[in-house]
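Undergrad: I have a structure I would like to understand better, so I am pasting it below and will then ask my questions one at a time.
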Amino acid sequence: MDSPRLHTERLLLRLPDASDLDQLVALAGAREVAATTVRIPHPYTRADGEQFIRKAQDEHQQGTALLFVMTEHGRELRGGIGLQLDPVHNQAEVGFWVGVPYWGKGYCTEAARAVLEYGFGCLQLHRIFAY
């Protein structure tokens, strides 16, 4: 599966890599972020960030997930968004988080629009849901 790169007005959504680790740990490590998600532990360590990056790359290769980092103009990390794919039922669960300094600025809305468009358009999913 090719690595999609989704572009919006302000954001580039792409697979995470090792260069994201420091920003990932700093932003996802906030207690407020963990409190709004099911899967982000607190404290969030470098090992957690390394595991997430490996997981994103492995699941992408297996075709079971698309996990993106949200970067503003491809540089500064703002958060993460992804689709856990269920190919049997042609659906996916969307999940997301945004770093506390970027709350209320529309980043998640912008990223979600791009991911939903990609999921329904390119992947031809029948349903995308969130818990």
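Undergrad: When the residues of region 23-49 are narrowed to those that are more than 16 Å from the chain's Cα centre (by Cα) and of a type in the set (D, E, K, R), which ends up farthest from Val94 (Cα to Cα)?
TA: Arg46
Undergrad: Those residues that are aliphatic (A, V, I, L, M) and in contact with a helix residue (DSSP H, G or I) (Cβ under 9 Å, 6 or more places away or on another chain), I need them from region 85-129; list them, please.
TA: Matches in region 85-129: Leu85, Ala92, Val94, Val98, Val100, Leu125, Ile128.
Undergrad: Can you name the residue in region 1-31 that is within 16 Å of Leu77 (Cβ to Cβ) and among the charged types (D, E, K, R) and, of all such residues, is most open to solvent (accessible area, probe 1.4 Å)?
TA: Out of the qualifying residues, it is Arg5.
Undergrad: What number of residues in region 75-91 are surrounded by 12 or more Cβ atoms within 10 Å (Cβ to Cβ) and more than 22 Å from Ala34 (Cα to Cα)?
TA: 4
Undergrad: To continue, here is another question. Among what's in region 102-131 and is of a type in the set (Ser, Thr, Tyr) and surrounded by fewer than 17 Cβ atoms within 10 Å (Cβ to Cβ), pick the residue that is nearest to the chain's Cα centre (by Cα).
TA: Of everything passing the filter in region 102-131, Thr109 is nearest to the chain's Cα centre (by Cα).
Undergrad: Restricting to region 68-103, what's the tally of residues that are touching an Asp or Glu at 6+ places or on another chain (Cβ under 7 Å), part of a strand (DSSP E or B) and closer than 18 Å to Gly29 by Cα?
TA: Residues meeting the conditions: 3.
Undergrad: Are any of the residues in region 36-51 in contact with a Gly (Cβ under 9 Å, 6 or more places away or on another chain), hydrophobic (A, V, I, L, M, F, W, C), surrounded by fewer than 13 Cβ atoms within 10 Å (Cβ to Cβ) and not in a helix (DSSP H, G or I)?
TA: yes
The values are calculated or read from the model by the stated rules, or taken from the named source; none is laboratory data. The model shown is predicted, which means the values in this text are computed figures rather than measured ones. Note: ideal-geometry Cβ built from the backbone for every residue, glycine included; neighbour counts use all protein chains shown. We work out accessible area using only protein heavy atoms, side chains counted, and drop any ligands, DNA or RNA first. Shrake-Rupley method; radii C 1.70, N 1.55, O 1.52, S 1.80 Å.
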